[in-house]
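Taking it in order: structure first as structure tokens, then the write-up.
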Amino acid sequence: MRILVVEDEVHLAEALSHILKKNNYTVDVSNDGESGLDNALSDIYDVIVLDIMLPKIDGITILKTIRREGLDVPVILLTAKGEIADKVHGLDCGADDYLAKPFSTEELLARIRALGRRRGEISESSSTLKFGDITLNMSSLTLSGNTNEINLTLKEYELLEYLILHKNIVASKEQIIEKLWGFDSEAESNHVEVYISFLRKKLKFVHSSVTINTVRGVGYILKE
Ligand code: CA
């Protein structure tokens, strides 16, 4: 899962980014509202952690703007003490959850997992994602099939997760590059091809009947 943290308190933003990365999330940080909005509008995130009081553009305006643009990405608002009115207003404006500062990282992780569950099909009991006969485990970065289990690299995990969460649509190479490497990266379409071939081998290794089908000139889609 890819998470955007929009937070102007640099130390807090860095701490959040660190803890989220340690928990196998991919994280981008924006330290002001303008870059936060730009990033959010890219629609490559699975969850946005959004501070309310921000320089340039405030969090509520960012939230309203992305909802008006039709983005349904789950948003967790971070509220400071005394911003109760903002919190209520934020939920009215389309936030999915809020956390009052100071909060524990455990609490934030639990909220993020809950939103991930709501969005995808991450099972109730743990951080796993199922498709056909395969199970993807987020905390151990493993892929399990009918008989075997195999470790995935973080990029392999992210790619397979992306395909599962977008199982009904063809994922283009461009979307996959943005999702896994971000906009500014030098990654090219052959990177995607390489990871797709790794994943195909691993799916075979776990004796899964799930396949990654190539839709020529368009991209990839999972089939059971
Ligand atoms: Ca702030």
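Label-to-label distance for residue 194 and residue 41 is 3.3 nm, based on points extended 7 Å past Cα in the beta-carbon direction. For a quick check: with amide H placed at 1.01 Å from N, whose amide H comes under 5 Å from residue 49's, ignoring anything fewer than 5 positions away on the same chain? Amide H to amide H, under 5 Å and 5 or more residues apart or across chains, residue 49 pairs with 4, 5, 6, 76.
Counting only alpha carbon atoms, the long axis of helix 10-22 and the longest principal axis of the chain meet at about 20°. Computed with every protein chain present, the accessible area of residue 156 is close to 10 Å² [probe 1.4 Å]. Residue by residue, the stretch 127-136 carries 3J(HN,Hα) couplings of 8, 10, 10, 10, 8, x, 9, 10, 10, 10 Hz when phi is fed to the Karplus relation 6.51 cos²θ - 1.76 cosθ + 1.60 (θ = phi - 60°); x denotes Gly or Pro. The charge dipole of the chain, taken about the Cα centre with unit charges on the Cβ atoms of Lys, Arg (+1) and Asp, Glu (-1), comes to about 960 debye, rounded to the nearest 20. Dipole of the chain computed with +1 at Lys/Arg Cβ and -1 at Asp/Glu Cβ about the Cα centre; of 207, 30, 42, farthest Cα towards the positive end is 207.
Heavy-atom surface analysis with a 1.4 Å probe gives the stretch 1-158 a carbon and sulfur content of 50 percent of its accessible area.
Put a dot 7 Å past the Cα of residue 106, heading toward its Cβ, do the same for residue 205, and the two dots end up 3.4 nm apart. When the chain is treated as a GNM with alpha-carbon contacts under 10 Å, the residue of 112, 62, 150 showing the greatest mean-square fluctuation is 150.
Surface analysis of the chain yields an accessible area of 49 Å² per residue, using protein heavy atoms and a 1.4 Å probe. Which shape class applies to the chain: rounded if a/c is under 1.5, otherwise prolate when a/b exceeds b/c and oblate if not, where a ≥ b ≥ c are the square roots of the Cα gyration tensor eigenvalues? In terms of gyration-tensor shape, prolate. Once backbone amide H atoms are built at 1.01 Å from N, residue 101 has 79, 80, 81 as its partners under 5 Å, excluding neighbours fewer than 5 places away on the same chain.
Rounded to the nearest 10 degrees, the inclination of helix 105-119 to the longest alpha-carbon principal axis of the chain is 60 degrees. Comparing mean-square fluctuations of 15, 85, 100 from a GNM of the chain with C-alpha springs under 10 Å, the top value falls on 85.
In this structure the amide hydrogen of residue 27, modeled in the peptide plane, comes within under 5 Å of the amide hydrogens of 3, none closer than 5 places in sequence on its chain. Separation of the alpha carbons by more than 30 angstrom is noted, of 87/223; 179/204; 101/173; 22/201, for 87/223; 101/173. Counting only DSSP beta bridges with both residues in the chain, the antiparallel share comes to about 50 percent.
The values are calculated or read from the model by the stated rules, or taken from the named source; none is laboratory data. Quick caveat: nothing in here was measured; it's all calculated off a predicted structure. Every residue, glycine as well, gets a Cβ built from its backbone with ideal geometry; the counts of neighbours run over all protein chains shown. For accessibility, only protein heavy atoms count, side chains too; no ligands or nucleic acids. Shrake-Rupley method; radii C 1.70, N 1.55, O 1.52, S 1.80 Å.
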